[in-house]
1. List pairs: first in the stretch 49-62 and under 16 Å from His93 (Cα atoms), second among the basic types (Lys, Arg), Cβ under 6 Å, 6+ apart or cross-chain?
2. Out of the residues in the stretch 57-100 that are closer than 15 Å to Asp111 by Cβ and among the β-branched types (Val, Ile, Thr), which is farthest from the ligand (Cβ to nearest atom)?
3. Test each condition in (1) over 27 Å from Ile12 (Cα atoms); (2) open to solvent by less than 70 Å² (accessible area, probe 1.4 Å); (3) in contact with a helix residue (DSSP H, G or I) (Cβ under 6 Å, 6 or more places away or on another chain) for Arg124 and report the one that comes out false.
4. Within the stretch 206-217, is even one residue under 23 Å from Ile121 (Cβ atoms) and in contact with a Pro (Cβ under 7 Å, 6 or more places away or on another chain)?
5. For the stretch 18-52, give me the residue count where each residue is away from the ligand (no atom under 16 Å from the Cβ), open to solvent by 30 Å² or more (accessible area, probe 1.4 Å) and in a helix (DSSP H, G or I).
6. If Arg82 satisfies every condition in (1) of a type in the set (Lys, Arg); (2) closer than 17 Å to Ile238 by Cα; (3) surrounded by fewer than 18 Cβ atoms within 10 Å (Cβ to Cβ) but one, which is the exception?
7. Taking interchain pairs and intrachain pairs at least six residues apart, which have beta carbon atoms under 8 angstrom, with the first residue in the stretch 66-92 and outside any loop (DSSP other than H, G, I, E, B) and among the aliphatic types (A, V, I, L, M) and the second open to solvent by 60 Å² or more (accessible area, probe 1.4 Å) and within 15 Å of the ligand (Cβ to nearest atom)?
8. Residues in the stretch 55-62: is at least one loosely packed, with under 12 Cβ neighbours inside 10 Å, under 18 Å from the mean Cα position of the chain (by Cα) and farther than 19 Å from Ser218 by Cβ?
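The values are calculated or read from the model by the stated rules, or taken from the named source; none is laboratory data. Note that this is a predicted model, so its numbers are computed, not measured. Reconstructed Cβ throughout: ideal geometry from the backbone, glycine too, with neighbour counts over all protein chains shown. Calculation scope for accessible area: heavy atoms of the full protein, side chains included, ligands and nucleic acids excluded. Shrake-Rupley method; radii C 1.70, N 1.55, O 1.52, S 1.80 Å.
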Amino acid sequence: MIVTTQPECPRIMNAITDNLQAIRQMILENAQFFGKHDTPICLVAVSKTRSRDEVMIAALAGQRDFGENYAQEGVGKILALREKFADTPLVWHFIGPLQSNKTRLVAENFDWAHSISRAKIAERLAGQRPCHLPPLQVLVEVNVSGEASKSGCAPEEVLPLCKLVMTLPRLTLRGLMCIPEPVADFAAQRRPFACLRALWEELRRAGLPLDTLSMGMSDDFPAAIAEGSNMVRIGTAIFGART
Ligand SMILES: *Cc1c(COP(=O)(O)O)cnc(C)c1O
């Protein structure tokens, strides 16, 4: 596949490449400012609703990790770009709500799943993950906003769910993820991230092998980094506003 030769293309290309560079720089600066520069922070470029060409532009600029919310749409891009980046494979993260009828597509095509909040979904993914692929890397999504949010499991359900995932074949438990309600105030943004961080540390003290804390999006990633995030999921700030 080649980048289209439409007149706006060079402009889009430069914008994505510049944005990626600026975001990587901001991640580094925030990590340094908050004293978190000892652990690397993975940037997941959220490419939902974006074209294959836009993903390719980001990949050509060195971006490797991509996040998708809709299984079918994501699989289209995964298959379309596989050949082109065969030498330095792209890493695909499923970050959207995960219904039972979508688990097979995710199990067969993605590298990570961030939004596991029910035992049944974890069991289906384990059963459907093909043996020829490495284990699916799994994050348990936690609802840290209480009543305000519908996605993620309640904090008290996290330990049993993590323990279940650890017993399932073809899945590797890596950590926790959250999507807090959007708020503008920096101190308010930090609170739910601090909750997730505390829960993550409690589980690590209990001996669970967690190394990943997926939190922070375009509007709140500095607050997430301040609270120890080591995986940020950024869409708008890289690709522009979604229509
Ligand atoms: C869309 C989305 C993002 C990226 O959001 P932006 O505000 O565009 O950076 C991150 N995580 C999840 C789960 C999303 O659905």
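1. Sorted first by the residue in the stretch 49-62, then by its partner, the pairs are Thr49/Arg242; Arg52/Lys77; Val55/Lys77.
2. Thr88
3. Only one criterion is unmet by Arg124, namely (2).
4. The answer is no; no qualifying residue exists.
5. Residues flagged as away from the ligand (no atom under 16 Å from the Cβ), open to solvent by 30 Å² or more (accessible area, probe 1.4 Å) and in a helix (DSSP H, G or I) within the stretch 18-52 amount to 8.
6. The single condition Arg82 does not satisfy is (2).
7. Close Cβ pairs satisfying both conditions: Ala71/Lys102.
8. yes
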